[in-house]
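The values are calculated or read from the model by the stated rules, or taken from the named source; none is laboratory data. Keep in mind it's a predicted model, so treat the numbers as computed, not measured. Here the Cβ positions follow ideal geometry from the backbone for every residue, glycine too, while neighbour counts run over all protein chains shown. SASA here: full protein model, heavy atoms, side chains in, ligands and nucleic acids out. Shrake-Rupley method; radii C 1.70, N 1.55, O 1.52, S 1.80 Å.
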Amino acid sequence: MKLNIVKDLLGARLLTGESDERLARFDIHSACGSDLMSDVLAFVKDQGLLLTGLVNPQVIRTAEMMDVVAICFVRGKTPDESVLALARERGMPILTTRYPLFIACGRLYNGGLTCGEE
Amino acid sequence: MDNKIILSYEIDGGNFSGAGEASSSVKKVLKQLGVDSDIIRRVVISMYEAEINAVIHAGGGRAEVEISPDKIYVKFTDDGPGIADVQQAMREGFSTASQKIREMGFGAGMGLPNIKSYTDEIRITSDVGKGTVVEMVVYLQEPVQK
Ligand SMILES: Nc1ncnc2c1ncn2[C@@H]1O[C@H](COP(=O)(O)OP(=O)(O)OP(=O)(O)O)[C@@H](O)[C@H]1O
Ligand SMILES: [Mg+2]
């Protein structure tokens, strides 16, 4: 699923300023929703998108170590500019949605991002 | 990659935001060397867990990384409080992290078990009141004898 479609399904706002054409070049095959970074780090599979309610810099670092393509913050959270700067340095698009974690994951799953399950 | 490459880092204990800089820098080096991406991930995730541990449990420390043609060796050394029962610390879910650390998304007691599952070898030596040494090895080829 293209990242611009993810953005639409979540009614999300982009915080890192990429164009829609640029977002469409990010292809997301799987997603992970968690507020526990060590839990995220326990799954070495390719993680396309990380959904989380945490907004500290270690979320960006965790995503970097895991080769996560993009992050979406849930419950309308937005990180500090310094955190966004860290993401920009890494070319990592950052989204924010007003939906809570469960609903955000559900909308993506319904939209077809099933990570090969079903 | 004929020669050994040796990297070393100081881990600042007073700066949670900066935790992960050493791991991030090692990731860049391994990428430039053309190391397989699965191996890179296993090394840097393990390093990152140990780096976070050094910051949140030990007030900082040092990291040394040795990249050889056949393996990557990483050693974290700190002068923190040490670990009284290493066996227990290795258990999934065991954590002494504070509430504040938990609110940041850490303290699930998953770090050391994660390192164990991602590396080929892990050795922890700790002296209570003196500090902890965490060593890990990831082989670039299948180890002859594991
Ligand atoms: N460098 C260290 N110095 C002192 N104690 C440590 C160190 N590393 C780990 N520990 C102890 O071992 C416990 C388990 O570590 P582990 O990394 O598995 O979990 P955690 O750091 O508590 O949580 P998580 O890694 O899931 O965020 C820690 O809670 C701490 O008590
Ligand atoms: Mg830990």
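Could you tell me which numbered condition B:LYS27 fails, if it satisfies all but one of (1) buried (at least 21 other Cβ atoms within 10 Å of the Cβ); (2) assigned to a strand (DSSP E or B)?
All conditions are met except number (2).
Contact list please: Cβ distance under 6 Å, first residue in segment B:13-42 and farther than 19 Å from A:MET37 by Cβ and at the interface with another protein chain (Cβ under 8 Å from one of its Cβ atoms), second residue open to solvent by 20 Å² or more (accessible area, probe 1.4 Å) and in a helix (DSSP H, G or I), pairs at least six apart or on different chains.
Every condition considered, no pair remains.
So which residues in segment B:93-111 are near ligand 2 (Cβ under 9 Å from one of its atoms) and open to solvent by less than 20 Å² (accessible area, probe 1.4 Å)?
Answer for segment B:93-111, where residues must be near ligand 2 (Cβ under 9 Å from one of its atoms) and open to solvent by less than 20 Å² (accessible area, probe 1.4 Å): B:ALA97, B:PHE106, B:GLY107, B:GLY109, B:GLY111.
Give me a count of the residues in segment B:53-92 that are open to solvent by 50 Å² or more (accessible area, probe 1.4 Å) and over 22 Å from B:GLU121 (Cβ atoms).
Of the residues in segment B:53-92, 4 are open to solvent by 50 Å² or more (accessible area, probe 1.4 Å) and over 22 Å from B:GLU121 (Cβ atoms).
Looking at A:LEU101, is it over 22 Å from B:SER24 (Cβ atoms) and touching a helix residue (DSSP H, G or I) at 6+ places or on another chain (Cβ under 7 Å)?
Here the answer is no, as A:LEU101 does not meet what is asked.
Checking the conditions here, which among B:VAL55, B:VAL86, B:VAL26, B:VAL44 is over 18 Å from A:LEU41 (Cβ atoms) and at pLDDT 95 or above?
B:VAL86
With the condition being buried (at least 20 other Cβ atoms within 10 Å of the Cβ) and within 14 Å of chain B (Cβ to nearest Cβ), I'd like the helices (runs of 4 or more DSSP H) fully within segment A:15-94 carrying at least 2 qualifying residues. Write out each step before concluding.
Working: elements: A:20-23, A:37-40, A:57-65, A:81-89.
Passing ranges, in order: A:37-40, A:57-65, A:81-89.
So, A:ARG107, is that one in a loop (DSSP other than H, G, I, E, B) and more than 13 Å from chain B (Cβ to nearest Cβ) or not?
The answer is no for A:ARG107.
Using beta carbons and a limit of 9 Å, which pairs, at least six apart or on different chains, have the first residue in segment B:78-99 and within 20 Å of B:GLY60 (Cβ to Cβ) and the second one near ligand 1 (Cβ under 6 Å from one of its atoms) and open to solvent by 50 Å² or more (accessible area, probe 1.4 Å)?
Final answer for the pair search is B:ASP78/B:HIS57; B:GLY80/B:HIS57; B:PRO81/B:HIS57; B:ILE83/B:HIS57; B:ALA89/B:THR96; B:THR96/B:HIS57; B:ALA97/B:HIS57.
Run B:TYR9 past the list (1) touching an Asp or Glu at 6+ places or on another chain (Cβ under 9 Å); (2) open to solvent by 10 Å² or more (accessible area, probe 1.4 Å); (3) closer than 13 Å to B:ILE72 by Cα and report the number of the one that doesn't hold.
Failing condition for B:TYR9: (3).
Among the numbered conditions (1) farther than 19 Å from B:ALA108 by Cα; (2) in contact with a Ser or Thr (Cβ under 9 Å, 6 or more places away or on another chain); (3) more than 9 Å from ligand 1 (Cβ to nearest atom), tell me where B:GLY80 comes up short.
Exception for B:GLY80: condition (3).
Take the residues in segment B:61-77 that are under 17 Å from B:LEU112 (Cα atoms) and away from chain A (no Cβ under 14 Å); name whichever of them is farthest from ligand 2 (Cβ to nearest atom).
Per the stated criteria, the residue is B:TYR73.
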